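Asks: Quick one: structure below, then a few questions.
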Amino acid sequence: MIYNGPTIVEGEFCDMLRKAQNDLLTQTGPGTPMGQMFRSYWMPALLAGELPENECPPVRVKLLSERLLAFRDTEGRYGLIDEFCAHRGVSLWFGRNEECGLRCPYHGWKYDVTGQCIEVPSEPEASGFAQTIKLKSYPLIERGGVLWTYMGAPDKQPPPPEWEFATVPRKQTFTTKRLQESNWLQAMEGGIDSSHVSFLHRGDLDSDPLFKGAKANQYNLSDSRPVFEVVESPGGLYIGARRNAENGNYYWRITQWVMPSFTMIAPRGNHAVHGHFWIPIDDENCWTWSFDYHPIRELTRAEVSAMREGKGIHAKYVPGTYRPLANKDNDYLMDREAQKAGRTFSGVQGIAMQDASLQESMGPIVDRTKENLVSTDNGIIMARHRLLRAVKALVEKGVLPPGVDPAHQKVRSAAIILPPDQPFKDGAREALIARPDVAPASV
Amino acid sequence: MQSESARMSSAAEARFRVQAPNSKPRVIKVIALDALSEDVVDRLAKASWNQATFFTAAAFAGAPRLEQRVSKEGWLRDLSGRTRDLIDEVDTADLVVMVATPGENVAVAAMIGEACSHKRVMTTALIVGATSASDETLSKTLAQVRPWSLMVVIANADDYIEDMLSALRA
């Protein structure tokens, strides 16, 4: 495929993200620079529960504008292959998952988990014709209840993902995904836009079971004008929000952003720690992955129940789908009375859909030439700056982008109280690294 | 029936967004707090900007303590070396960006910050060249700029400033 889209021009960032730069960051299909960057990483593709047993039904998956099919064969091997049969272009979703392969129901061509055609019934076996047919495929591995894929060049495949939420024992972690009907970038930028929390989510700190009760909530509620600090990290950014605490100290909430689209929100009290991945489906839709975990204890039944019910950063679904129950077709179940009474700030219930409703309202791909960023948006500005820098280095010089190195993935967010003159990167140095059996820094 | 919200969120409807300008240019004053930052600001000033102007306060690094009653006249120089009145410059700004280098004396941040606070002008501190700075050095700089900055950015490379100013429509 020949890419005719935007390219990277030296020093070109201007005009509130020029259209060319906006296109460059938001387009992730095959052959695009940002698509090449996403294809450098292991990405969450499906929940392991979507392929619950050997020879279970295959699942259609669209990632980075490529239509794929995931299946689990007779021996438990996972495969992620081109959705369409090489013979006549039939969707293999209709296929029969049997005897270590997926058989097209049209003429019986059969493929294994690597996409290799292993049987063409109309051709003599001795002809070797089947061996000449191979569908594009990507590796698919299970880690932490998530099936991860790597869609880049095989010789550059990095080690498996090391995110802490995916490596702790299964009873300590819980992950969901939901469809977000917008480009990945505007969704991800919401995750590092710490200044919106004091407005959009202000009603939830004291009521949501996955947030309430932490001492830190008092700092949030008593100081609604935090001061922000943005610091470059090896994998992306630390975004610190500081509020006044006792004795002249500062209460810091430090969000981690690791390229290209991982964020981890500072914990509260002994609640689970949570965060997101935003993975492009195509240029106008993405998966919002939401995880909650605790590094040193199992999640309680009450916590898991609340997560399943769509509390915290999770969402309720339209039954049988991963589309949120509150979605754009029903105006996100807007409740003007709750908005007027202050029970919710926007009228939409739940943190996840409060974010998604506004991000989707921008349109499938927001026109960033019309935005008016302000000083508190420096986290977003810096993230774009780093993405552009990384994609340029990757495309022009083959430099692996930050976040591929497993060391960049062993990170934590932190909530911590520090003296007023201490850099949070220094004071929270240990707290920002994931260490087995060490409790998260939380207030 | 499909809701208004659903239609508004579609790619087809996004084409109908009003094309008229939605803001006026903002006036941004960029001030180097020390001699090393002055080089960065000097380089930035050579680019083309809408409403950004560039100054140095490096010559006033030995700023008086805050409790001392001093005039806020002077305290700035433009890049051609002329002394400028701090209050006048702040008074016409929408945002003041202070650029500092770890390890340098940036006590003048207090004087600028106080003027901004008095005029209710937003302040951002950019600390450049932090990669090679020790935590102790960075800490000293932070102690001087934090009380007067509503946003602090610690950047590894100074090319970030240009991107930031562009993003802010400077």
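The values are calculated or read from the model by the stated rules, or taken from the named source; none is laboratory data. A quick note: this is a predicted structure, and the numbers were derived from the prediction, not measured. Counting neighbours? That spans all protein chains shown, and the Cβs are built from the backbone with ideal geometry, glycine included. Just so you know, the surface numbers come from the protein's heavy atoms only, side chains and all, with ligands and any DNA or RNA stripped out. Shrake-Rupley method; radii C 1.70, N 1.55, O 1.52, S 1.80 Å.
Asks: Magnitude of the Cβ-charge dipole of chain B, K/R +1 and D/E -1, about the Cα centre, nearest 20 debye? Spell out each step's value before the answer.
Replies: Working: 19 positive and 22 negative charges, 122 e Å.
Here the size comes out at about 580 debye.
Asks: Tell me the relative contact order for chain B as a rounded percent, counting alpha carbon contacts under 8 Å between residues six or more apart.
Replies: Details: 292 pairs, mean separation 37.1, N = 170.
Taking the mean separation of contacting Cα pairs over the length of chain B, I get 22 percent.
Asks: Explain nothing, just the number: dipole magnitude of region A:355-443 about its Cα centre with +1 on each Lys and Arg Cβ and -1 on each Asp and Glu Cβ, in debye rounded to the nearest 20. Mind showing how you got there, number by number?
Replies: Values: 12 positive and 11 negative charges, 70 e Å.
That gives a dipole near 340 debye.
Asks: Would you please classify the overall shape of region A:259-416 from the alpha carbon gyration tensor, given that a ≥ b ≥ c denote the square roots of the eigenvalues, rounded means a/c under 1.5, and beyond that prolate means a/b larger than b/c while oblate covers the rest? All intermediate terms of the calculation are to be shown ahead of the outcome.
Replies: Details: a/c = 1.78, a/b = 1.24, b/c = 1.43.
Because a/c hits 1.5 or more and a/b fails to exceed b/c, region A:259-416 counts as oblate.
Asks: Among B:116, B:30, B:149, which residue has its Cα furthest toward the positive end of the charge dipole of chain B, with +1 on Lys/Arg Cβ and -1 on Asp/Glu Cβ?
Replies: Result: B:116.
Asks: If you roll a 1.4 Å probe over region B:25-167 with all protein chains in place, what percent of the accessible area is carbon or sulfur?
Replies: Working: 2790 of 6100 Å².
With neighbouring chains kept in place, the figure for region B:25-167 is 46 percent.
Asks: Now for a different question. Leaving ligands and nucleic acids out of the surface, order A:82, B:78, B:91 by accessible area at 1.4 Å, largest first.
Replies: Numbers: A:82 45, B:78 15, B:91 90 Å².
Ranked list, largest accessible area first: B:91, A:82, B:78.
Asks: Could you pull out every one of the lysines with an alpha carbon less than 18 Å from that of residue A:212, ignoring same-chain neighbours closer than 8 positions?
Replies: Result set, ordered by chain and number: A:311.
Asks: Using a Gaussian network for chain A with springs between C-alpha atoms less than 10 Å apart, which of these wobbles most: A:59, A:374, A:273?
Replies: Of A:59, A:374, A:273, the most mobile in the Gaussian network model is A:374.
Asks: Next question, about the same structure. May I ask you to list the lysines whose Cα is less than 27 Å away from that of residue B:29, ignoring any residue fewer than eight positions away on the same chain?
Replies: Cα-Cα hits under 27 Å: A:19, A:370, B:46, B:72, B:119, B:140.
Asks: Taking amide H positions as placed 1.01 Å from N in the peptide plane, with prolines and chain starts having none, which residues 5 or more places from residue A:134, or on another chain, fall under 5 Å of its amide H?
Replies: Under 5 Å from the amide H of residue A:134 lie the amide H atoms of A:117, each far enough along the sequence or on another chain.
Asks: DSSP loop trypsin sites (Lys or Arg not before Pro) in region A:50-99 with at most 16 other Cβ atoms within 10 Å of their Cβ, which ones?
Replies: Values: sites: A:60, A:62, A:67, A:72, A:77, A:88, A:96; in loops: A:77, A:88.
Those satisfying the criteria are A:77, A:88.
Asks: Given H placed on each backbone N at 1.01 Å, which residues far from residue A:417 in sequence or on other chains put an amide H within less than 5 Å of it?
Replies: For residue A:417, whose amide H was placed from the backbone, the distant partners under 5 Å are A:252.
Asks: With the contact rule set at Cα under 8 Å and sequence spacing of 6 or more, what percent relative contact order holds for chain A?
Replies: On the way: 941 pairs, mean separation 78.3, N = 443.
It comes to 18 percent, rounded to a whole number.
Asks: Going by a 1.4 Å probe on protein heavy atoms, which residues of region A:178-227 end up with at least 30 Å² less accessible surface in the whole assembly than in their chain alone?
Replies: A:227
Asks: Also, I was wondering about something else. Quick one: length gained pulling residue A:304 to residue A:141 fully straight, 0.36 nm per residue minus the C-alpha distance? Present the calculation step by step, with values, prior to reporting the outcome.
Replies: Details: separation 163, 0.36 × 163 = 58.68 nm, distance 2.42 nm.
Taking 0.36 nm per residue and subtracting the Cα distance, the gain is 56.3 nm.
Asks: Same structure again: Aspartates and glutamates within cross-link reach of residue A:328: Cα-Cα under 12 Å, excluding same-chain residues under 8 positions apart?
Replies: Once the sequence-local aspartates and glutamates are set aside, what remains near residue A:328 is A:181, A:360, B:4.
Asks: Along the Cα→Cβ direction, 7 angstrom out, place labels at residue B:79 and residue A:224. What is the inter-label distance in nm?
Replies: 4.1 nm
Asks: How big is the A/B interface in buried accessible area, both sides summed, 1.4 Å probe, to the nearest 100 Å²?
Replies: Numbers: alone 19610 and 10040 Å², together 26090 Å².
That pair of chains buries around 3600 Å² in total.
Asks: Moving on to the next point. Just to be sure I understand the model, the point goes 7 Å from the Cα along the line to the Cβ. What's the resulting residue A:62 to residue B:131 distance in nm?
Replies: It is 4.0 nm.
Asks: Magnitude of the Cβ-charge dipole of the protein assembly as shown, K/R +1 and D/E -1, about the Cα centre, nearest 20 debye?
Replies: Details: 69 positive and 76 negative charges, 176 e Å.
Dipole size: approximately 840 debye.
Asks: Residues with amide H under 5 Å of residue A:335's amide H, sequence separation 5 or more or different chain, H placed in the peptide plane at 1.01 Å from N; which?
Replies: A:348
Asks: Among A:87, A:115, A:252, flag the residue with its Cα farthest along the positive direction of the charge dipole of the protein assembly as shown, charges on Cβ as +1 for Lys/Arg and -1 for Asp/Glu.
Replies: A:252
Asks: Where a ≥ b ≥ c are the square roots of the eigenvalues of the C-alpha gyration tensor, would you call chain A rounded, which needs a/c under 1.5, or, failing that, prolate if a/b is larger than b/c, or oblate? If you can, show how the numbers build up before the last one.
Replies: Numbers: a/c = 1.82, a/b = 1.60, b/c = 1.14.
Cα axes put chain A in the prolate bin.
Asks: I'd like the Karplus ³J(HN,Hα) series for region A:23-34: coefficients 6.51, -1.76, 1.60, θ = phi - 60°, whole numbers in Hz, and an x wherever there's a Gly or Pro.
Replies: 4, 4, 7, 9, 9, 10, x, x, x, 8, x, 5
Asks: Still on this structure, please answer the following. What is region B:105-170 by shape, rounded, prolate or oblate, if you read a ≥ b ≥ c off the alpha carbon gyration tensor as root eigenvalues and call it rounded for a/c under 1.5, prolate for a/b larger than b/c, and oblate otherwise? Write down the numbers at each step before the final one.
Replies: Details: a/c = 2.75, a/b = 1.10, b/c = 2.49.
Verdict is oblate for region B:105-170.
Asks: Once you've got the GNM for chain A with C-alpha springs shorter than 10 Å, pick whichever of A:195, A:413, A:305 has the biggest mean-square fluctuation.
Replies: A:305
Asks: What length, rounded to one decimal in nm, is gained on full extension from residue A:296 through to residue A:249, with 0.36 nm per residue of separation minus their alpha-carbon distance?
Replies: Working: separation 47, 0.36 × 47 = 16.92 nm, distance 2.78 nm.
Working it through step by step, the gained length comes to 14.1 nm.
Asks: With n ≥ 4 as the cut-off for DSSP H runs, can you work out [θ] at 222 nm for chain A, using -39500 (n - 2.57) per run divided by the number of residues, rounded to the nearest 500? Write out the running numbers ahead of the final one.
Replies: On the way: 13 runs with 94 residues, N = 443.
Helix-only estimate at 222 nm: -5500 deg cm²/dmol.
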